[in-house]
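Colleague: Below is one structure. I have some questions about it.
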Amino acid sequence: MPLFWKPYKSDVTQFIEQLKAARPTLEEEQRSGRALLWDRAIDRQAQADYRAARVPQQPYVYQSKTK
C-alpha cells in the first residue's frame, strides 16, 4: 500500500453521510413512510378468493373465441 493512500468515498456516499449527520432521525422517518404504503397485513382469505376467481387468459388475446 502506498504511503499516502486513503480509502475512496464517492460523492454520493459523502452526501448520504452528511445528510444522515445533519438529520439523525432520517432513517426512522424513512421506515415510518415505508410503513404507510408497504407494510400492510395480508388478508389470506381475500388472496385465495382472488386466485380462485381468476379467468385464464387465452393464448392470443386479440383472436376471437371459437367454439
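Colleague: Below 14 Å, Cα to Cα, which aspartates and glutamates can LYS9 reach? Residues fewer than 8 away in the same chain don't count.
Modeller: GLU17
Colleague: How far is it, in nm, from the label point at ALA52 to the one at LEU37 when both lie 7 Å from their Cα along the line to the Cβ?
Modeller: My value for the distance between the label points is 3.3 nm.
Colleague: Magnitude of the Cβ-charge dipole of the stretch 22-67, K/R +1 and D/E -1, about the Cα centre, nearest 20 debye? Before the final figure, lay out each step's value.
Modeller: On the way: 9 positive and 6 negative charges, 93 e Å.
Approximately 440 debye in magnitude.
Colleague: Given springs between every Cα pair under 10 Å in a Gaussian network model of the chain, which of ALA53, ALA35, ALA21 has the largest fluctuation?
Modeller: Of ALA53, ALA35, ALA21, the Gaussian network model singles out ALA53 as fluctuating most.
Colleague: Which percent of Cα-Cα pairs in the stretch 11-60 sits in each 5 Å bin, short to long?
Modeller: 4, 15, 11, 11, 11, 10, 8, 7, 8, 9, 5, 0
Colleague: Residue by residue, what Karplus-based ³J(HN,Hα) values in Hz, rounded to whole numbers, does the stretch 25-42 have, using 6.51, -1.76 and 1.60 with θ = phi - 60° and x for Gly and Pro?
Modeller: In residue order, the calculated couplings are 8, 4, 5, 5, 5, 5, 4, 5, x, 5, 5, 5, 9, 10, 7, 10, 6, 9 Hz.
Colleague: Another one. Find which of SER10, ALA48, ALA35 sits farthest along the positive direction of the dipole of the chain, computed with +1 on the beta-carbon of Lys and Arg, -1 on that of Asp and Glu, about the Cα centre.
Modeller: The residue sitting most towards the positive pole is ALA48.
None of the figures in this text is laboratory data; all of them are computed from the coordinates on show. Being a predicted model, the structure only gives us computed values, none of them experimental. Cβ sites come from the backbone with ideal geometry, for glycine too, and all protein chains shown count toward neighbours.
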